[in-house]
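What follows is a set of notes on a single structure, which appears directly below.
The values are calculated or read from the model by the stated rules, or taken from the named source; none is laboratory data. What you see is a predicted model; the values in this text were computed from it and never measured. Heads up, the Cβs are rebuilt from the backbone with ideal geometry, glycines too, and the neighbour counts pull from every protein chain shown. SASA here: full protein model, heavy atoms, side chains in, ligands and nucleic acids out. Shrake-Rupley method; radii C 1.70, N 1.55, O 1.52, S 1.80 Å.
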Amino acid sequence: MAGAIIENMSTRKLCIVGGILLVFQVIAFLVGGLIAPSPTTAVPYMSVKCIDVRKNHHKTKWLMPWGPNHCKKLKDFDEAVSRQIEANDIVFAVHVPLPTKEMSPWFQFMLFIMQLDIAFKMDNDLKENAEITLDVSLAYRDDTFSDWEEIAHAIENRKLKCTFGSPKTLESEGRHYDCDFLPFMEIGSVAHKYYLINIRLPVNERKGINVGIGEIKDIRLVGIHQNGGFTKVWFAMKTFLTPSILIIMVWYWRRITLMTRAPVLLEKVIFALGISMTFINIPVEWFSIGFDWTWMLLFGDIRQGIFYAMLLSFWIIFCGEHMMDQSERNRLSGYWKQVGPIAVGSFCLFVFDMCERGVQLKNPFYSIWTTEVGTELAMAFIIVAGICLCLYFLFLCFMVFQVFRNISGKQSSLPAMSKARRLHYEGLIFRFKFLMLITLACAAMTVIFFIVSQVTEGHWKWGDITIQVNSAFFTGIYGMWNLYVFALMFLYAPSHKNYGEDQSNGDLGVNSGEELQLTTTITHVDGPTEVYKLARKEAQE
């Protein structure tokens, strides 16, 4: 009778904890949807054609598109032809931000893509698989009077992918090609107020540089940066969640150290998952407000990669430790087939990220997709990572199927037990299934909200209330996985109580007021748990 009371109390506690976590989950979505603005803003920039007739084009002077010291401008290339100005003497200048505005460290990063306005002309047609060469420079300053300081200078090549919807006849001259956007630049910090971009298109007919690229009329850039309001909300969430996860980690590990045995594999993996979540949560981004840390994007990718690798590993080990007939348990080496693809896939994505954002630390104009070798290498890493991910999910689905099959088999033995013992096992099985469903719900919500954020316009309007869907996706999913890790450590913290066995009647000797955790495979002071012993006995039979 006491066992039944304890099990009912434990189930009620589980429902209460689930309800509290659900409330916090709703709050996380509402913070992004109602308080935070859209995560990013896209700003279009039209370059200004400047005249530079000096012999040394590169390092002696920066050409400003507007302002008191603006350059000598050209309206169009027809004017350049009439004034006998060569293509090598034309500079496309872009000032970031637009007039009367300033950039801010709260913007966190800047990403630029380029669009070329190319007109069709019979005697200057765009060749197939044409490649454009860009001589680009980037500079900054923090007031309107200082000299520009160079950040980077590079000569980059971009492949043009354009289509022309009309017949290439004399009547079609002047019509524009439809060209794909080109990756242009990415910077991992916005530490200065003003930025200046100078773009040259050097022409060398003898070397075939910028020959057969059509008649370029204009160069347009689109700058994308994170909104300052969203950054503040994001930082506030990280600052709040960091001590929350740290506290539950300390409590969780203290419960483990109170046991006289050594920690088992599942406990270690859950603790490692908590460490990886804390690694993501620690708000080191606060330092980016005062320091020019261009490596923050790469660092963020590495932190996320570590967490997702640990999460995927946890799911495999979690299922494996609940496969009641498995003889080799509590050893990481027993999961090498399942964890191996995770390690290989994570390594491939890490190498890909280093080849892209790692190089951009020195050259923000670099893109691995601009060359054939780089594209093939990037695709190879992504394909290998995708294959590893598919293998992982096949292993995971197979293991989940085995776990539920084994649990169904063990449930046939429950009627022969005493009532207290049966309720104890039913509670453990119920809580395992509960956690599996929560895991599936978290994964499904991540996918669903990602798809919704991609297909919607970014916000929904309900009367006078505007909900930022993309912001709600980021804050909601981020909060959800924190709550998931929190729930794991709370529910799977081992109890320091000793649940003994009454050998005379088989009832569980559970004292009133004692708490049952999800310890299906966790060994107590006096040995394995009841479910483990039952499973081992039936497996031997």
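Observations
- Yes/no for His58 being within 28 Å of Tyr140 (Cα to Cα), modelled with pLDDT of 80 or more and open to solvent by 50 Å² or more (accessible area, probe 1.4 Å): no
- Beta carbons closer than 9 Å, at least 6 apart along the sequence or on distinct chains, pair a first residue in region 171-191 that is free of Cβ contacts under 8 Å to residues at least 40 places away in the same chain with a second that is among the hydrophobic types (A, V, I, L, M, F, W, C) and buried (at least 18 other Cβ atoms within 10 Å of the Cβ) for Asp180/Leu160.
- The residues in region 282-294 that are open to solvent by 40 Å² or more (accessible area, probe 1.4 Å) and farther than 19 Å from Lys193 by Cα can be counted, and the count is 1.
- Checking every residue in region 331-343 against the condition of being outside any loop (DSSP other than H, G, I, E, B), in contact with a Ser or Thr (Cβ under 7 Å, 6 or more places away or on another chain) and surrounded by 14 or more Cβ atoms within 10 Å (Cβ to Cβ) gives at least one match.
- Residue within region 296-318 that is open to solvent by less than 40 Å² (accessible area, probe 1.4 Å), of a type in the set (Asp, Glu) and assigned to a helix (DSSP H, G or I) present: no
- The single condition from (1) buried (at least 18 other Cβ atoms within 10 Å of the Cβ); (2) part of a loop (DSSP other than H, G, I, E, B); (3) of a type in the set (D, E, K, R) that Lys362 fails is (1).
- Meets criteria (in contact (Cβ under 8 Å) with a residue 60 or more places away in the chain and touching a His at 6+ places or on another chain (Cβ under 6 Å)) for Ser137: yes
- Residue match in region 256-270 (condition: closer than 30 Å to Ile317 by Cα and in contact with a Lys or Arg (Cβ under 8 Å, 6 or more places away or on another chain)): yes
- If only residues of region 361-376 that are touching a residue at least 24 places away in the same chain (Cβ under 8 Å) and touching a helix residue (DSSP H, G or I) at 6+ places or on another chain (Cβ under 8 Å) are counted, the one that is farthest from Gly188 (Cα to Cα) is Trp369.
- So Phe145, is it among the aromatic types (Phe, Trp, Tyr) and either surrounded by 11 or more Cβ atoms within 10 Å (Cβ to Cβ) or touching a Lys or Arg at 6+ places or on another chain (Cβ under 8 Å) (or both): no
- Selection status of Thr257, surrounded by fewer than 18 Cβ atoms within 10 Å (Cβ to Cβ), under 30 Å from Asn470 (Cβ atoms), free of Cβ contacts under 8 Å to residues at least 60 places away in the same chain and not assigned by the TED database to the domain that holds Leu116: no
- In summary, Ala42 fulfils each of the numbered conditions (1) at pLDDT 90 or above; (2) among the small types (Gly, Ala, Ser); (3) open to solvent by less than 30 Å² (accessible area, probe 1.4 Å) with the single exception of condition (3).
- Candidate set: region 392-420, residues that are among the charged types (D, E, K, R) and open to solvent by 30 Å² or more (accessible area, probe 1.4 Å); chosen: the one nearest to Ser313 (Cα to Cα): Arg405
- Of the residues making up region 113-133, those that are part of a strand (DSSP E or B) and either touching a Phe, Trp or Tyr at 6+ places or on another chain (Cβ under 7 Å) or open to solvent by less than 30 Å² (accessible area, probe 1.4 Å) (or both) are Ile113, Met114, Gln115, Leu116, Asp117, Ile118, Ala119, Leu126, Ile132, Thr133.
Here is a yes/no grid of residues against (1) without any contact (Cβ under 8 Å) to a residue 12 or more places away in the chain; (2) within 18 Å of Met399 (Cβ to Cβ):
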| site | (1), (2) |
| --- | --- |
| Trp295 | no, no |
| Asp301 | no, no |
| Ile306 | no, no |
| Arg331 | no, yes |
| Gly340 | yes, yes |
| Ser346 | no, no |
| Leu349 | no, no |
| Arg357 | no, no |
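One line per residue, one yes/no per condition, for (1) at pLDDT 90 or above; (2) surrounded by fewer than 16 Cβ atoms within 10 Å (Cβ to Cβ):
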residue: Leu74; (1), (2): no, no
residue: Arg83; (1), (2): no, yes
residue: Val91; (1), (2): yes, no
residue: Pro97; (1), (2): yes, no
residue: Lys101; (1), (2): yes, yes
residue: Leu111; (1), (2): yes, no
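- Scan region 204-233 for residues that are open to solvent by 20 Å² or more (accessible area, probe 1.4 Å) and in contact with an Asp or Glu (Cβ under 8 Å, 6 or more places away or on another chain) and the total you get is 4.
- Considered as a group, the residues in region 148-190 that are part of a loop (DSSP other than H, G, I, E, B) and either closer than 30 Å to Thr100 by Cβ or assigned by the TED database to the domain that holds Ile368 (or both) include one that is most open to solvent (accessible area, probe 1.4 Å), and that residue is Phe181.
- Only residues that are within 16 Å of Ile477 (Cβ to Cβ) and either within 20 Å of the chain's Cα centre (by Cα) or free of Cβ contacts under 8 Å to residues at least 24 places away in the same chain (or both) were counted in region 16-37, giving 9.
- Scanning region 192-210 for residues that are touching a residue at least 24 places away in the same chain (Cβ under 8 Å) and assigned to a loop (DSSP other than H, G, I, E, B) yields His192, Lys193, Leu201, Pro202, Val203, Asn210.
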